[in-house]
Structure formats: C-alpha cells, structure tokens
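K.L.:
Questions regarding the structure given below will be posed in turn.
The values are calculated or read from the model by the stated rules, or taken from the named source; none is laboratory data. Owing to the predicted nature of the structure, the values given are computational and were not obtained by experimental measurement. Cβ coordinates were reconstructed from backbone atoms using ideal geometry, including for glycine residues, and neighbour counts include every protein chain displayed.
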Amino acid sequence: MTVDRRDFLKMSGAGLGGLALSSFESSNGASHSPEADEDHSVLYDATICVGCKACQVACKRRSNLPPDLDSEGIFDAPKGLTADSWTVIELYQEDPVTYSFVKKQCMHCIDPACASGCIVSALYKTEDGPVLYDGDKCIGCRWCMTACPFQVPKYQWDKTVPFVQKCDFCSDRQDEGLDTACVAACPTGALLSGKRGELLEVAENRIKDFPDRYVNHLYGKDEVGGTSWLYLAGVAFDKLGLPKPDKIGTISPAKLTWPYMMAVPGIVVFMTGLCTGLYYYFRRGEKTGEEA
Amino acid sequence: MTANTLVRRKNTLSFGWGTAIQAILMLFGLGLMINRWVFGLGATTALSDPRPWGLWISFDILAGIALAAGAFTMAAIVYVFNVKEFHPLLRPTILTGFLGYSLAILGLTVDLGKPLDMWHMIIYWNVHAPLFEIGWCVMTYATVMALELSPMLFERLNWNVPLKLIRSISIPLIFAGIVLSTMHQSSLGTLYVEVPDQIHPLWWSIILPPMFYVSAIGAGMCMIIFESTISGYGLNHKIPVKLLGKLAGWIPYVLGFYLVMRFLDLILTGDIGAMFAFDGPSIMFWVEILLGYVAPIVFFSMPAVRKNRYRLFWVAFLGVFGLLLNRFNVSWFQLEGAPYFPAWQELFISIGLIAFAMFVFNMAARFLPLFEEH
C-alpha cells in the first residue's frame, strides 16, 4: 500500500502542532483488515453495465421512495443522487464510442467520516458493513453532508421536519440472506455481491485478465481507508464524477480528527494545571484570603 | 461614583434611535425565524444539497464564538495573570461573550433541521465527533458565563446570600471557563480537519485546531476594543484609552504567533506555492493575511495608535475583519460545494440576532451594574 503525495503532505504538517498525531501511520490501510474482508460488499463493473436503470427502479420500490418530479410535476429522471433517489445511473460520454455508465449510491466506507462526525451517532457503522441512519436521533445539523468524501447524504429541504436520506445497503434484506434490491434487479451481472475479501480478489483478477478493458485501478479498495462498494471501469474515475483517488487519499478523515479528540482529557488536565500554577505565580508575595 | 448615583444616571439615559432600530430589527428577525420554523429550510434559505451549511454556521457559530473569546481571555488576564486594572472591562466583556454564545445557540434553532431535538446531544453521545465536544462545551460554558454574570443581578436586587455563594466559587468558575474555551475554540478547527480534500490548501491544515484557538484569542481581544468603543459612545460610558491601549499592545504577540504557525505549516506542507498563484484564493489569502493580521500587528505596535481611541477602534476592526474572513474562507468561500449567497431571510435573521444581542447589552447597561462593581 502506498501513501500518495497529498496524504504525506497532510501528515508532515502534524509535527508542527506537537500533538500526538502519530496514530495515523502510512501503514494503516484499513482495506486489508480481516474484519473488513468479511463485510457485505458489492462490486460494480461499469464496463458490463448497460445503463438500463433497473437498479434505480428496484431501489425506489424497495424503499418506497416517491418519483422525482420536474418543475411541472411531470416525472423526470434524477440527474444525481437526491433525497428521494438513493441510487442513480449516470452517463459519461466523450464521443459516440467512448462512454461509460456509472452507478452512484452510498459507498459504505469501512471507517465512515459521516458516522465519526455525527454529533448524536445518528449515522453508524454496523458489524456487517452497512452504514445506517437513525432519523429519530438526528438533530438535522447536516455535518454528514459536508464530511462525506463522496457527497452522498442528501436532505429533505422541502420538509418542515426533514431527515437525511441515503442508501442503507438494504441491510434488512441482507440480514435475511437476500441480495440488495439493486443487485437482485441487475440483468447483466454488472453488480456482484459477496464478502469484501472475495470481491477484491475477483476484481483484481479481472484487471489482470483484461488489462485493455479496465483502467488499472480498483476504486474503493483503498480510497478513504476502503469502502464496501468496489468499482471497476474503463475510463478514469474522476470522469465518472467520483472524487479523484489522489484527491481523497487512502486515509479515512476520521483518522485525522480522532487524535485531537483523544487529546481532550489531556488538554483539560494541562489547562487546569496551567491556570492554577499561573494563578499562584502571579499572586506570590500577596497576602492570601483577599480576593479582587 | 457610588452605586446609587450610577444606577440613577443609567435610568435617566434617554432611549434614542439606536434602541428603536435595535428593537425593530430584532422583531423583524423574530418574525423571520417563525417563518423559517413553519415553512422549513428549503423555502427560507439558499441552502442546498451541495451547500448544506451557510451564513448561519459561518457567521453566527464560527465567527460569533471565536469573537466571544474575549470573555475568557479577559477573565484570564484579570484573574489568572492578576492584572487588576482591567477589572472594569470584565463584566461588559463577559456579557458580550455570553450574548455571542446565546446568538450562536439561537442561530442553531433556525439552522438545525430538527431544532426541537437539539437536546438529543445530551443523551446520544459520540466521543469521536468534534461537534459533540463543541456542543457540550458551548452548553456548559454558556452556563458558566451566566453564573459569572449573576452577581450583577444579585447586586441590583440586594440578594446577599446567593451573591456570597457565587463569589465563593468565582475562581473555579473562571478556570472552568478558560478550560472549556480552550477545548471548543480548538475543536471548531478539528471539525474542519475532517474535510482535508474539500478546503483549499491555503486554509486547510492539520493544525487548524491550535490555529483556531490562537486566532480566536487575538481577534477576541480586538473585539473587546471594538465593542467597548461602540458601547462607550452609545451608552456614554467610555473605557479609559490607557486601558484599551495596554490591551492592544499585547495583540501583536498573539497574532504574530498565529502567523508563525500558519506560515510554518504552509512551508512544511509545501502548500506555500499556492499563495503566489495569483488566482482568486491566493488574492483572498493576501487580503486576509495583510489586512486582518499584518496590519493590526504593525499598527498596534505603534504607541501613537495605542494612545488614540479612534485609531484603536479602526485597527481593532481590522483584526475582527481578519477573523471573520478566515472563518468565512474555511467554512464557505474556500470550501467545495455549490456557489452560495444567503437568502435575504438568512441575512435578516443574523442581523436580527445581532440586534437582539445589542438590545440586551443596552438594557443591561441601563438597569444593571454593568460597568462598576460594588
């Protein structure tokens, strides 16, 4: 696992603060932790996808999501993820022969920034892999929407009591041993579900066996510490509207903030000691018992 | 001046246009807040999925809380560093700080999608979340400041028992205020550490937490000079210029330390080159650095500035402006997302909240022993 330049630069600044930030080391590629290998996972192969949008329809039906209407109230296909569309198929086209479909939904990060940053733990990572949302806990601060490296969580702006909306990986179906609605609906095999460790192998073999068909990168293996959704494609991933791999790096943002959170008890002790020490230092020689 | 004559003078201070404008803006803002609660965020703000946080977060929360750092700084100067001559500044400064935090909390009641569930943060914990720490600190620190201010009310009402009680814990309260402020002023920076790829490299840094803390102290001190000058004119109570000048003399050290941190970080990360790109962000960077930090350092170092009330005010204004611009850059201008300009409702709710804070300060100055203690 390599650390790219931007990650290295980010870390090199750490020495300055003199804070114990050493806990995120270059070697922390979460994607190969044995626990994550057992996670529910889906491999999306954009070179197989024909853009039929059966997954989109299946998703709406399973989650009872209303159609996205245009301004005249007529049904219109959503152009990207919305509060009512938890997955969409988008098309990238360079010219009539060079194009690719791409499926968007929550990536279900191994170490999700949304869950780490959520003030009330309304977003949380489950044992099996899905990142879920508890709307009853949510206070509507919307930090998850900014924190998400993929800008997945969407908001019900038009509601008086709004909730965050995003793909829940059909965790209820998965618990029953069923595939997610989108995987079950896919007629081409562009979506393949399984354990993350196995799918990593399948995907890497595909790149090895068909080097001309794919860009040489398995998206989601290392991105932001690894995601449960893995992507193979024939065109560069940033062209498909996904954040460039060297932009988001291989370290989960949650790893950057955690050392600071761990430092809080130390800061409390240090500052209390400092205040007390200075208080007596600047009153040395004064008669005690007199205040202000 | 005895307390009695002081109270009489305040009561006879006539209500002018200032108070009337405050009241009108305040009530207009309240109306808009009700409008927001009834019709929701989509109908009353310019916020959207690619721009979920706007003016209320950048201004009322981030800048508001940072500029209220004067409260704990002044408490430390008077009680920890034992510089007694600043005592007359303590109450107005802590009141301003308290109002700043009240403004942030009131801002949250419109910004949060489900404000009625705000209390959830008390029962659902997430120790990983910077917001969790910020929320708890803001809540407890606002309480601490209310307690620090309570003697003002007890003195006015001649309630001697609670007055004695609160005075007996005044030092622990001051310490708690300093510790809590250190925690959440820096945690506001920790929050943005979590979005390394979405903020321009001239603003994102792994050391945002200590930088937020130090810049809040510097700008908080500028804010003390700024607001005490305004309230001095409006309420006919001038803080001695010698005192403000002495405070101003310390500001260059704080802001200088901040600049050293900021530039050292940019050099070590190799992002320093971006400041010579002469694109939008680099120009913004220079405006922020030169006007908001370098200018106050230079001018506050001049004795001629420190002896002149008028000059002190305008240089302090630059320091406040620098902090505002910094927080706006981190949380809005240089943060990826859809282009955003606040809706007029957002703007007038923020203005209404400031008017409310000024109105409360105005009333406290008239009816409570704000500027003098018994």
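K.L.:
Give the residue that is nearest to the chain's Cα centre (by Cα), with candidates limited to residues of region B:113-134 that are hydrophobic (A, V, I, L, M, F, W, C) and crowded, with 20+ Cβ neighbours inside 10 Å.
P.N.:
Within region B:113-134, the match that is nearest to the chain's Cα centre (by Cα) is B:I134.
K.L.:
On to the next question. Can you list the helices (runs of 4 or more DSSP H) lying wholly within region B:59-178 that have 3 or more residues being in contact (Cβ under 8 Å) with a residue 40 or more places away in the chain and over 23 Å from B:G319 (Cβ atoms)?
P.N.:
It comes to B:87-111, B:130-157.
K.L.:
So, B:P303, is that one surrounded by fewer than 18 Cβ atoms within 10 Å (Cβ to Cβ) and either away from every other protein chain (no Cβ under 14 Å) or free of Cβ contacts under 8 Å to residues at least 24 places away in the same chain (or both) or not?
P.N.:
When the stated conditions are applied, B:P303 passes them.
K.L.:
Report, by residue number, each residue of region A:157-173 that is assigned to a loop (DSSP other than H, G, I, E, B) and more than 8 Å from chain B (Cβ to nearest Cβ).
P.N.:
A:K166, A:C167, A:D168, A:F169, A:C170, listed by residue number.
K.L.:
Can you pull out the residues in region A:57-114 that are without any contact (Cβ under 8 Å) to a residue 24 or more places away in the chain and of a type in the set (A, V, I, L, M)?
P.N.:
A:L65, A:L69, A:I74, A:V97
K.L.:
If A:L132 satisfies all but one of (1) in a loop (DSSP other than H, G, I, E, B); (2) within 21 Å of the chain's Cα centre (by Cα); (3) farther than 12 Å from A:H40 by Cα, what's the number of the condition it fails?
P.N.:
(1)
K.L.:
Could you tell me which residue of region A:100-116 is surrounded by the fewest Cβ atoms within 10 Å (Cβ to Cβ), considering only residues that are in contact with a Pro (Cβ under 7 Å, 6 or more places away or on another chain) and within 13 Å of chain B (Cβ to nearest Cβ)?
P.N.:
In this case the residue turns out to be A:A113.
K.L.:
Does region B:320-337 contain any residue that is within 14 Å of chain A (Cβ to nearest Cβ) and surrounded by fewer than 18 Cβ atoms within 10 Å (Cβ to Cβ)?
P.N.:
Scanning region B:320-337, I find at least one residue that is within 14 Å of chain A (Cβ to nearest Cβ) and surrounded by fewer than 18 Cβ atoms within 10 Å (Cβ to Cβ), so the answer is yes.
K.L.:
Let me ask something else about it. Among the residues of region B:275-309, write down those that are at pLDDT below 95, out of contact with any helix residue (DSSP H, G or I) (no Cβ under 6 Å at 6 or more places or on another chain) and within 15 Å of B:W204 (Cβ to Cβ).
P.N.:
None - no residue of region B:275-309 is at pLDDT below 95, out of contact with any helix residue (DSSP H, G or I) (no Cβ under 6 Å at 6 or more places or on another chain) and within 15 Å of B:W204 (Cβ to Cβ), so the list stays empty.
K.L.:
Let me ask you something else. Consider only pairs whose beta carbons are under 6 Å apart and that are at least six residues apart or on different chains; among these, list those whose first residue lies in region B:255-268 and is acidic (D, E) and whose second residue is surrounded by 14 or more Cβ atoms within 10 Å (Cβ to Cβ) and modelled with pLDDT of 95 or more.
P.N.:
Filtered contacts from region B:255-268: B:D265/B:S205; B:D265/B:I207.
K.L.:
In region A:83-99, which residue that is outside any strand (DSSP E or B) and more than 18 Å from the chain's Cα centre (by Cα) is surrounded by the most Cβ atoms within 10 Å (Cβ to Cβ)?
P.N.:
Among those that are outside any strand (DSSP E or B) and more than 18 Å from the chain's Cα centre (by Cα), it is A:D84.
K.L.:
Determine whether B:L191 is within 14 Å of another protein chain (Cβ to nearest Cβ), surrounded by 17 or more Cβ atoms within 10 Å (Cβ to Cβ), of a type in the set (A, V, I, L, M) and out of contact with any strand residue (DSSP E or B) (no Cβ under 7 Å at 6 or more places or on another chain).
P.N.:
yes
K.L.:
Can you tell me how many residues within region A:135-150 are more than 7 Å from chain B (Cβ to nearest Cβ) and out of contact with any strand residue (DSSP E or B) (no Cβ under 7 Å at 6 or more places or on another chain)?
P.N.:
4
K.L.:
Being in contact with a Gly (Cβ under 8 Å, 6 or more places away or on another chain) and more than 8 Å from chain A (Cβ to nearest Cβ) is the filter here; which residues of region B:36-56 pass it?
P.N.:
The answer is B:T45, B:A46, B:R51, B:W56.
K.L.:
Since A:K154 meets every condition but one in (1) of a type in the set (D, E, K, R); (2) crowded, with 20+ Cβ neighbours inside 10 Å; (3) more than 30 Å from B:N35 (Cβ to Cβ), which condition does it not meet?
P.N.:
Result: A:K154 passes all but (3).
K.L.:
So, one more: From A:E291, A:E198, which residue is charged (D, E, K, R), outside any strand (DSSP E or B), at pLDDT 95 or above and more than 16 Å from the chain's Cα centre (by Cα)?
P.N.:
That would be A:E198, the only listed residue that is charged (D, E, K, R), outside any strand (DSSP E or B), at pLDDT 95 or above and more than 16 Å from the chain's Cα centre (by Cα).
K.L.:
Checking the conditions here, which among A:G73, A:G80 is within 10 Å of chain B (Cβ to nearest Cβ), surrounded by fewer than 24 Cβ atoms within 10 Å (Cβ to Cβ) and in a loop (DSSP other than H, G, I, E, B)?
P.N.:
Of A:G73, A:G80, the one residue that is within 10 Å of chain B (Cβ to nearest Cβ), surrounded by fewer than 24 Cβ atoms within 10 Å (Cβ to Cβ) and in a loop (DSSP other than H, G, I, E, B) is A:G80.
K.L.:
Right, B:F276: more than 14 Å from every other protein chain (Cβ to nearest Cβ) and loosely packed, with under 15 Cβ neighbours inside 10 Å or not?
P.N.:
The answer is yes for B:F276.
K.L.:
B:E148 - would you say it is more than 28 Å from A:A122 (Cα to Cα) and among the charged types (D, E, K, R)?
P.N.:
Spelling it out, B:E148 is indeed more than 28 Å from A:A122 (Cα to Cα) and among the charged types (D, E, K, R).
K.L.:
Count, please, the residues in region B:238-255 that happen to be small (G, A, S) and surrounded by 17 or more Cβ atoms within 10 Å (Cβ to Cβ).
P.N.:
Adding up the residues that qualify gives 2.
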